[in-house]
Amino acid sequence: METNGNEEVTSLYSLSCRDRRFSKHIHDNVHGNIYLDPFFLQFVDTEQFQRLRELKQLGLTHMVYPGAVHSRFEHSLGVYWLAGEAVHTVQGHQGSEINIERNDIRTVKLAGLLHDVGHGPFSHLFEREFLPRVLNGSEWSHEDMSVKMIDYIVDAQHIEIDAAILNNVKEMVLASSANASQNTVNEKRFLYDIVANGRNGIDVDKFDYIVRDSRACGLGCNFQFQRLLETMRVMGDEICYRAKDYLTVHKLFATRADLHRTVYTHAKVKAIELMVVDALTLANGELSISASIQEPAKFWKLDDSILRQIETSDKQELKKARDLVLRIRRRYLYQFCNEFAVPKDKQEHFKDITPQDIVCSQKNGDTPLNEEDISVSIVKIDLTRGRSNPLESIKFFQDYESDYKFPIRDERISHLLPAFCQDMIVRVYSKKPELVGAVSKAFENYQLKTYGMKAQVHDTPEKKKRRV
């Protein structure tokens, strides 16, 4: 006899409550009680997953925002929990219509739990700045390493898991990456959008880190993921949202962009990151940091403590790297000189600015500079889709009685919403305080030569130029 949707939901709910008797209970400061049953504990209680405790979620941001010391461990637990809440929500609302089975729930939750298990030290600095420098434009990604690490954990810990579940977990982890599988099955395609959404960018990974990061940094957060989580609906094998929640969806992307501007790419945070990249580069030959990135058996032993290893080493080969770390500890940082936002009409064909460009902009009689005296940071902040608006890829519905889904253009909601979806900011730093004036002047010359005007908002303060 066929069961109706309500009976299936009741069955799943009863099963969930029954399972909690045998689950580990963790109290999270964002989501409250999180429950891990024995199946997921097989992965959590491993040295490879516990390593995430030693990776700060925001890398070096805690050196500017002291409260930002939370790790990828609690973030991964949060994504695991929200992934389960999301799949239970659509199951509860739509019953047998979408045919979610127990293994589907297990798969999505496991993908949420393990999505960052291949992350490198210091947030995204490791893969986006350090590795490309020491490995000639490396395209290594933490998503690819997460997939390798999942296989490694299963093999090393002798975990029994269905091959189909394991394969689907890995595809869900890769779903928003450049290496996302092109052969993902069409059946229940919406499940692959819950943890890492490559289709439109709305996923529980963002739900968790936006709220968690804001709270850790002491910032307010008026984005409420619960509103989207509770009203999402599967239509035509994709997750859609109520039209009345359009501004809440927009707020997701706007809040993320604001965090990038004020926290993740804070000028002082970037100064420290530039110094750490230089220190890691100097230490790489002796410590073979980059040599572990293809072997999970070695990679899981690499975490944020590598900086402490450099700092406390007595090896002469690490002296230059050690001196840089000591400069960070003593707050003798690279000095921010100035910045400008790349004009909108110049972004498409923008060519990265290098220290050489700044040095070559000096005029006769200026204090001579070397490329080694300058660091350049190019920051891109967008709404997850470069210069494109991610909301154009999101489908909405009018109400629960309607089966029609449709996109909504910004101008139909408000003329106050931004018409451009990407910022590109060029920042220049002097590695020596006494050269701030010379570097700032050369940077201004570069702007005049390139754009015919000073693109920066204001001049570098005279006090900073005179600092010795």
Relative contact order of region 20-267, please, whole-number percent, based on alpha carbon pairs below 8 angstrom and at least 6 residues apart. 19
What is the sum of charges, Lys and Arg at +1 and Asp and Glu at -1, for the other residues whose Cβ falls under 15 Å from the Cβ of Asp345? +2
Please give the calculated 222 nm ellipticity per residue for the chain, where each DSSP H segment of at least 4 residues contributes -39500 (n - 2.57) and the sum is spread over every residue; nearest 500 deg cm²/dmol? -12500 deg cm²/dmol
Using only Cα atoms, tell me the angle between helix 204-216 and the longest principal axis of the chain; keep it within 0 to 90° and round to the nearest 10. 50
If you take the Cα atoms of the chain, find Rg, then find the Kirkwood Rh from the mean of 1/r over all pairs, what is Rg/Rh? 1.00
3J(HN,Hα) from dihedral phi, region 330-344, Karplus parametrisation 6.51/-1.76/1.60, rounded to Hz, x for glycine, proline: 8, 6, 9, 8, 4, 8, 5, 9, 5, 8, 8, 8, 5, x, 4
Students sometimes get this wrong: rank Arg233, Arg199, Arg21 by accessible area, probe 1.4 Å, all chains present, largest first. Arg21, Arg199, Arg233
Inter-centroid distance (Cα atoms) of region 334-370 relative to region 272-332, Å: 28
Spatial separation of Cα centroids for region 70-145 and region 423-449, in angstrom: 39
Dipole of the chain, positive direction: furthest Cα of Ile374, Ile159, Gln226, with charges on the beta-carbon: Ile374
Leaving ligands, DNA and RNA out of it, work out the accessible area of Trp81 with a 1.4 Å probe and give it in Å² to the nearest 10. 40
If R₀ is 30 angstrom, what is the calculated FRET efficiency for the pair Glu286 and Asn370, using the beta carbon separation as r and rounding to 0.05? 0.75
Added length on full extension, which subtracts the Cα-Cα distance from 0.36 nm per residue, Ile159 to Asp245: 26.8 nm
Once region 20-267 is represented by equal point scatterers at the alpha-carbon sites, with solvent omitted, what log10 I(q)/I(0) does the Debye formula produce at q = 0.11, 0.12 Å⁻¹? -0.58, -0.70
Please report, as a whole percent, how much of the solvent-accessible surface of region 20-267 comes from carbon and sulfur atoms (probe radius 1.4 Å). 44
Helix 267-287 versus the longest principal axis of the chain: what angle, 0 to 90°, nearest 10, using Cα atoms? 90
Give me the Å³ per residue figure for the convex hull around the C-alpha atoms of region 283-413. 271
Beyond 23 Å between alpha-carbons counts as too far, so tell me which of Lys170/Lys206; Lys270/Lys441; Lys170/Lys270; Lys363/Lys465; Lys244/Lys380; Lys24/Lys251 fall in that bin. Lys170/Lys270; Lys244/Lys380; Lys24/Lys251
Value of relative contact order over the chain, rounded to a whole percent, pairs C-alpha under 8 Å and six or more apart: 14
Rounding to the nearest 10 and keeping the result within 0 to 90°, find how far the Cα-based axis of helix 436-451 lies from the longest principal axis of the chain. 70
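The values are calculated or read from the model by the stated rules, or taken from the named source; none is laboratory data. No experiment lies behind these values; they were computed from the predicted model shown. Glycine also receives a Cβ, built like all others from the backbone with ideal geometry; neighbour counts cover every protein chain displayed. Heads up: the accessible areas ignore ligands, DNA and RNA and are worked out on the full protein's heavy atoms, side chains in. Shrake-Rupley method; radii C 1.70, N 1.55, O 1.52, S 1.80 Å.
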